[in-house]
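Single-structure report; data block below.
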Amino acid sequence: MKTIIGIVLVSAAVAVTPARAQDVNLTGRYQCIQNCIVIEPGRFAFVTQYGREFNLVNEAGMPSRAWLDYPGRIWVDRAQVGAVYSPDGMTIQFDNGTIWQRAVELPPPPPPPPIAPRRR
């Protein structure tokens, strides 16, 4: 009986693991902060996530496909490099030392107040 309960618990743990891997949405705009390909400031990298698969565009504009290797780790096909991401999805650190940090989108500024017409 203990063996059956143990098998059920292990099966349940394995079944839950893939769902937890998708808890973090990495889709967004990132800025390279270390070991960047392009030295120009203000260049962005982009990540688009589709379940366990990703489309990446680095700061040099080179696209690549990537996929979830296991929870917390992705594999980038074109660069042939792995990366780990933070639990909150704010940082991606590649095995070659490159680090991307999520560029937080700021809301647009409010419109200027209307100009009152002059009285004559």
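Give me a count of the residues in segment 54-72 that are touching a helix residue (DSSP H, G or I) at 6+ places or on another chain (Cβ under 9 Å) and surrounded by fewer than 15 Cβ atoms within 10 Å (Cβ to Cβ).
Residues flagged as touching a helix residue (DSSP H, G or I) at 6+ places or on another chain (Cβ under 9 Å) and surrounded by fewer than 15 Cβ atoms within 10 Å (Cβ to Cβ) within segment 54-72 amount to 2.
Being in contact (Cβ under 8 Å) with a residue 12 or more places away in the chain, assigned to a loop (DSSP other than H, G, I, E, B) and under 15 Å from L56 (Cα atoms) narrows it down to one residue among G89, G97, G82; which is it?
Being in contact (Cβ under 8 Å) with a residue 12 or more places away in the chain, assigned to a loop (DSSP other than H, G, I, E, B) and under 15 Å from L56 (Cα atoms) holds for just one of G89, G97, G82, which is G89.
What are the residues in segment 6-32 that are modelled with pLDDT of 80 or more, open to solvent by less than 100 Å² (accessible area, probe 1.4 Å) and not basic (K, R), if any?
Across segment 6-32, the qualifying residues are V24, N25, L26, T27, G28, Y30, Q31, C32.
Give E105, E59 a once-over and let me know the one that is more than 26 Å from D23 (Cβ to Cβ), in contact (Cβ under 8 Å) with a residue 24 or more places away in the chain, among the charged types (D, E, K, R) and in a loop (DSSP other than H, G, I, E, B).
Criteria check complete, one pass: E59.
The values are calculated or read from the model by the stated rules, or taken from the named source; none is laboratory data. Everything quoted here is computed from the prediction, not taken from an experiment. Reconstructed Cβ throughout: ideal geometry from the backbone, glycine too, with neighbour counts over all protein chains shown. Surface accessibility is based on the protein's heavy atoms, side chains included, excluding ligands, DNA and RNA. Shrake-Rupley method; radii C 1.70, N 1.55, O 1.52, S 1.80 Å.
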